[in-house]
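Quick notes on the structure that follows.
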Amino acid sequence: MTTNHTANHDEPQQGQANNTNRDRRSVLGENLLTILTIIGVVGGTIFGLILKKSDHNWTQRDIMYIQYPGDLFLRMLKCLIVPLLVASITSAIGGLDLSLSKKIALRSIVYYFTTTVCAVILGIILVTVFQPGKGHKMDDKEDEKVSRDVLTADTLLDLVRNLFPPNIVQATMFQYRTHLEPPENVTAEMGNGTKIKISELSPDERNKFTFSKFNFTDFDGREVPLTSFKIKGQWREGMNVLGLVMFSVVLGATIGKMRERGKPIQDFLVSLSEAMMIITRWVIWISPIGVFFLIAAKILEMESLAEVIGKLGKYFITVMFGLFVHGLGTIAIIFYIVVRKLPYGYIVKMSQVLATAFGTGSSSATMPITINCLDNMGIDPRVTRFVVPVGATINMDGTALYEAVAALFIAQLRNKALTLGKIVAVSVTATAASIGAAGIPQAGLITMVMVLDTVGLPAEDVTIIIAVDWLLDRFRTTINVMCDALGTILVDHLSKGELSGTATKLELGEPHELVELHQSKD
């Protein structure tokens, strides 16, 4: 009897121990990617410092060999951009049930678009005021290439032109740009005082001139302004993000209007989007290895690592301050103007949602908890089950702010002055890229490449900020999820008139069931 009693007494303790071990394994599994990324960052830094302090004279070829695995990782990321962007945006727009309530859909989209634009503008203002990257000149491989100086009006007009690509296949590989060519009766005065007549040069030689390095005058010695130069168009290698986004939005809206007739295309795009997200997860699991070699190679290229670390600290503080101001300031002001209530009481009730968003780094994974939390707040289930999934798909405020700040920060490190037109291009591209970002951890690395391409910066420069990206990703995901939840409350407040007395058209199931249904549809 005593033996049996002892055995029965030990069984609960063993069960508790097993549960504790399972919980530990679960926590480790959920944060394994973050842990590996940190190891990759720290290991790459240590490896780079060891190599840098060695007596070996590291040539460009040596650095290329070390960076090679990281280059393969970047090529994988670039390969996913077009299918992921087109499929996710088109399926998200095409999956909107506008027949349920066109007003609810319109309010949701307007809210998300407004908050995203505000986030980008705030990020640009902060990075322009604080200038975390100013004062440090990096080793610029692009110096050998000729810079292209055009009027601000040309850049703005090119933005609109790229919104409407003449060939959608071409838009996946090239983007249009205006090129100014000096007239025939122009003489270029070089820095050493030598003068060259443009008419005596071949077309290829004319294109090699950098307007900022030469003083152009006519044969009579009068200065020739840029407005007098010949306007010619060029197709520059690089994806036309704006054109692809515009095409995807129009196609998605058309599919939604076609309803049943458009369902085959919608199902295909949904499957493609899901497949791309699965491949994206696979590629992101390779990121610790890619990060290790990219950071090691980047450290070997840097002349002063301490200065870059100092600048990176200012960049981190700038992004964090921007996220804090946007989450508790900008969104709060918009919420108060519409709802006439401060959102902080709702934010306190979302503590579980925000903690989950920070822990997982994924707005999609947090979706069931967000829906359940809003249901407990008394928000109409028809609104939560419509607005939250849409927000998890297209609303990425934190990502948009971070990408705008990162692009301008890297431009400052490169000592490249950006014109107003290029800053507008950054804001538009960051907004568009955030819409196409997958709701999974560190997917912003893919869309960050798009923004860098917009301002003519090499994709490899993403490694400058990747050392702190894993931590910033958690904070910006938290802001994204909070914005989704507050947007749902705001839309519910505006839609009470349409919803009161209306029969429920949705089958209200459990949050996880509806998320599975949403994922199977878009």
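Before moving on, here are some points about what is shown:
- Using a simple spin-label model with pseudo-atoms 7 Å out from Cα toward Cβ, PHE324 and MET258 lie 5.0 nm apart.
- Between GLU181 and GLN352, the FRET efficiency estimated from the beta carbon spacing at R0 = 60 angstrom works out to 0.50.
- Ranking LYS416, LYS263 from most to least accessible surface, computed with a 1.4 Å probe over the protein chains only, gives LYS263, LYS416.
The values are calculated or read from the model by the stated rules, or taken from the named source; none is laboratory data. Small disclaimer: the values here were computed from a predicted structure and weren't measured. Here Cβ is always computed from backbone atoms with ideal geometry, including for glycine, and neighbour counts include all displayed protein chains. In case anyone asks, the SASA skips ligands and DNA or RNA and just uses the protein heavy atoms, side chains included. Shrake-Rupley method; radii C 1.70, N 1.55, O 1.52, S 1.80 Å.
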